[in-house]
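Student: Mind looking over this structure? Questions follow.
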Amino acid sequence: FATPSSRRIHPQSSSSIVKEVLCSYQGSPITILSPLVRGRKGVFGDLFQRLKRSGFASVRVNGDLYDLDDAPKLARYQQQNIELVVDKLTVAEDERERLADSIEIALKESSGLVLILNGKAGKEQLYSEHHSCPNCGLSLPELEPRLFSFNSPYGACSSCDGLGVRTCGDGRRSWNAW
């Protein structure tokens with residue numbers, strides 16, 4: 001269940017994702033991204049080569065955009081986030097077919113996920129074919145064990161960082177508890 005709306009999370013079709021994007025981003029420039037790697041370690045050179053052979057032009061690696069010709073050398077033991085840039089467009093009803101095709105490609109490349117980056121606000125919205133709430137728009141990635149581990153940054157509570165306590169107070173003042 002989605003916490004904000006208390007509605008059941010269920011699969012969402014590509015046509016409903018297109019409809020929601022048309023309603024939410026009308027008149028805004030967006031970038032359609034396909035999340036390929038989310039928090040995994042590796043260099044992913046073979047992935048970049050496969051994408052280049054498939055005719056794609058650019059990727060977003062750890063938040064920065066790169067042409068596939070100039071893809072960065074990644075550190076083998078650092079966690080990476082790699083998203084394929086599928087399309088950049090301004091959302092309008094006359095672009096519906098292009099939007100639908102781009103969302104279909106993104107869903108296919110990432111096994112059911114698409115990430116919409118709003119060009120004006122700079123905000124991201126994840127949509128999922130597998131786990132989403134139609135009422136509040138909450139979408140979740142594929143469920144995996146690391147999402148339930150407090151030792152993983154992906155499963156840790158965002159307010160306490162998985163420690164179970166929150167630090168609050170004035171950072172300028174210090175005191176000894178003994």
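The values are calculated or read from the model by the stated rules, or taken from the named source; none is laboratory data. Because the structure is predicted, anything quoted here is derived from the model rather than measured. Cβ sites come from the backbone with ideal geometry, for glycine too, and all protein chains shown count toward neighbours. Note: accessible area is taken over every heavy atom of the protein model, side chains too, but ligands, DNA and RNA are not part of it. Shrake-Rupley method; radii C 1.70, N 1.55, O 1.52, S 1.80 Å.
Student: Out of the residues in region 105-121 that are open to solvent by 20 Å² or more (accessible area, probe 1.4 Å) and of a type outside the set (Val, Ile, Thr), which is nearest to the chain's Cα centre (by Cα)?
Tutor: If we take residues in region 105-121 being open to solvent by 20 Å² or more (accessible area, probe 1.4 Å) and of a type outside the set (Val, Ile, Thr), then 117 is nearest to the chain's Cα centre (by Cα).
Student: Give me the residue from region 20-40 that is under 30 Å from residue 77 (Cβ atoms) and open to solvent by less than 30 Å² (accessible area, probe 1.4 Å) and, out of that set, modelled with the lowest pLDDT. So that I can check it myself, show each step before the final result.
Tutor: Initial filter on region 20-40 (under 30 Å from residue 77 (Cβ atoms)): 31, 33-40.
Still in the list and also open to solvent by less than 30 Å² (accessible area, probe 1.4 Å): 31, 33-35, 37, 39.
Details: 31: 96, 33: 96, 34: 95, 35: 92, 37: 92, 39: 85.
Per the criteria, the residue is 39.
Student: Please pick out the residue among 71, 100 that is open to solvent by 10 Å² or more (accessible area, probe 1.4 Å), among the small types (Gly, Ala, Ser), touching a residue at least 40 places away in the same chain (Cβ under 8 Å) and in contact with a helix residue (DSSP H, G or I) (Cβ under 6 Å, 6 or more places away or on another chain).
Tutor: 100
Student: Note down all Cβ pairs under 8 Å where the first residue falls in region 41-52 and is modelled with pLDDT under 95, the second is open to solvent by 90 Å² or more (accessible area, probe 1.4 Å) and in a loop (DSSP other than H, G, I, E, B), and they're at least six residues apart or on different chains.
Tutor: Close Cβ pairs satisfying both conditions: 41/76; 41/77; 41/78; 42/76; 43/73; 43/76.
Student: If you go through region 1-19, how many residues are at pLDDT 85 or above and in contact with a Phe, Trp or Tyr (Cβ under 7 Å, 6 or more places away or on another chain)?
Tutor: 1
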